[in-house]
Amino acid sequence: MNQNSPIETIAADPRPTSPILIVPYMWIGDFVRGHTAVRLLKARWPNRPVDLLSTTLCAPLADYMPGVRKTIVYDLPRGRIALDRQRELAALFRREGYGTALMMPRTWKSALAPTLAGIPERIGFIGEVRFGLVTDLRRGERTLPRMVDKMAALVLPRNAVKAAHAWPVPQLEVPEAEIKAWRAKNNLGDGAAIALAPGAVGPSKRWTYYAEAARELAERGFNIWIVGGPGEKQQAAEIVAAGGPRVRDLTGTDLRNGILALAAASEVISNDSGLLHVAGAIGTPSIGIFGPTSPYHWAPLNGLAATMKCATNLPCQPCHKPVCTANDHACMRDITAREVVDTALKVVAEKIKNRPVSA
């Protein structure tokens, strides 16, 4: 944390013991970012248990987050209030006796179940006419540059956060025994592997040359694992066809499988996606490929082994659009397979050089 971080001026208070509920963003990358809020809460109130609301998709992430007591897994339908389901969720909250709820999204819907549960302190930003649902309405969200700064502004006292700071980074701690068992289950041996995460929300964030990079890395003797969801199955098949027998398709519906693959890999190459944040929080050296989005705003807080961008900034960058409407996707097409492969080889060499020497 830098010298100006507000958390450094706030003494830990061990007296409160009532549990805290976080209602986080439910995209994978944003859910991982939310662990920064957990770490700040534990620094501020070390004896208050912290629980997370989660969808079924994101729930495996919480299992590896230090400081999280439990996860309430509940899938609310999208696009409608579903008051009966909100009441069911509120009943789950009520049984836990939460003293505080932090509602990260600005939506009216995210505040409904905590209100029905009667959680006495409900903190959130003004949005979607939430007066009456949020007991501690915070302003200034739009003046904060990054999502993590916005989350910190809800965790810390009112007006404590007015600018970007170096916050505690997210952490995912995956036990070595679990990684070893996963390798054995999938017949992956114990050799080094490079994981590729070719998916992303919106085609504009998807790099063009994963198949070429996989082929060259496989030819150099690396095992290649393709990680992602069911939406990446077709792309994974194309990469396997190009790369040969050293390339394995590990995509699927179980996020835990992806977490374990990223933890077991020696290196990760990924678009700006949720899996890049997972790899960063685990601590696996990662190469992030950015085109239409800004690394400052959206790269993992943990830092990357390398950030790949096209050599010349285009006038349309960053557009943050899911589909390219200008320059024929040049921001991603102009990052060549050769550049990414060379960078990957440097990252591997650096990791080998810095590997601790066994006694």
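The values are calculated or read from the model by the stated rules, or taken from the named source; none is laboratory data. Just so we're clear, the structure is a prediction, and the values are computed from it rather than from any experiment. Note that each Cβ is placed from the backbone with ideal geometry, even for glycine, and that neighbours are counted across all protein chains shown. To get the accessible areas, we keep the full protein, side chains included, count just its heavy atoms, and leave off ligands, DNA and RNA. Shrake-Rupley method; radii C 1.70, N 1.55, O 1.52, S 1.80 Å.
Things to note:
- Hits in the range 315-331 - residues which are open to solvent by 60 Å² or more (accessible area, probe 1.4 Å) and farther than 21 Å from residue 269 by Cα: 315, 321, 323, 325, 327, 328
Let's see how each residue does on (1) under 24 Å from residue 256 (Cβ atoms); (2) of a type in the set (Lys, Arg); (3) at pLDDT 95 or above:
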| position | (1), (2), (3) |
| --- | --- |
| 64 | yes, no, yes |
| 71 | yes, no, yes |
| 87 | no, yes, yes |
| 96 | no, no, yes |
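- Some residue of the range 124-138 being closer than 27 Å to residue 60 by Cα, of a type in the set (A, V, I, L, M) and not in a loop (DSSP other than H, G, I, E, B): no
- Within the range 1-30, residues that are over 19 Å from residue 122 (Cβ atoms) reach partners that are modelled with pLDDT under 75 and open to solvent by less than 20 Å² (accessible area, probe 1.4 Å) with beta carbons closer than 8 Å, at six or more positions or on different chains, in the pairs 1/7.
- The residues in the range 176-204 that are in a helix (DSSP H, G or I), more than 24 Å from residue 345 (Cβ to Cβ) and open to solvent by 20 Å² or more (accessible area, probe 1.4 Å) can be counted, and the count is 8.
- The listed residues are 218, 193, 237, and the only one of them that is farther than 25 Å from residue 295 by Cα and in contact with a Phe, Trp or Tyr (Cβ under 7 Å, 6 or more places away or on another chain) turns out to be 193.
- Of the residues making up the range 219-264, those that are in a helix (DSSP H, G or I), over 24 Å from residue 303 (Cβ atoms) and open to solvent by 10 Å² or more (accessible area, probe 1.4 Å) number 15.
- On inspection, residue 274 qualifies as touching a residue at least 40 places away in the same chain (Cβ under 8 Å), closer than 19 Å to residue 225 by Cβ and in contact with a helix residue (DSSP H, G or I) (Cβ under 9 Å, 6 or more places away or on another chain).
- Pick from the range 79-123, criterion open to solvent by less than 10 Å² (accessible area, probe 1.4 Å) and assigned to a helix (DSSP H, G or I), ranking: nearest to residue 69 (Cα to Cα): 93
- Residue match in the range 129-144 (condition: small (Gly, Ala, Ser) and at negative phi): no
- Residue satisfying all of: in the range 7-54; farther than 17 Å from residue 146 by Cα and among the basic types (Lys, Arg); least open to solvent (accessible area, probe 1.4 Å) among these: 48
- Among (1) surrounded by 12 or more Cβ atoms within 10 Å (Cβ to Cβ); (2) free of Cβ contacts under 8 Å to residues at least 60 places away in the same chain; (3) under 22 Å from residue 284 (Cα atoms), the one test that residue 334 misses: (3)
- Of all the listed residues (134, 73), the sole one being open to solvent by 50 Å² or more (accessible area, probe 1.4 Å), of a type in the set (Val, Ile, Thr) and touching a strand residue (DSSP E or B) at 6+ places or on another chain (Cβ under 6 Å) is 73.
- From the list 173, 267, the lone residue that is acidic (Asp, Glu) and surrounded by fewer than 16 Cβ atoms within 10 Å (Cβ to Cβ) is 173.
- Test: residue in the range 298-314 that is basic (Lys, Arg), open to solvent by 10 Å² or more (accessible area, probe 1.4 Å) and more than 27 Å from residue 58 (Cβ to Cβ): yes
- Condition check for residue 344: hydrophobic (A, V, I, L, M, F, W, C), open to solvent by less than 80 Å² (accessible area, probe 1.4 Å) and free of Cβ contacts under 8 Å to residues at least 24 places away in the same chain: no
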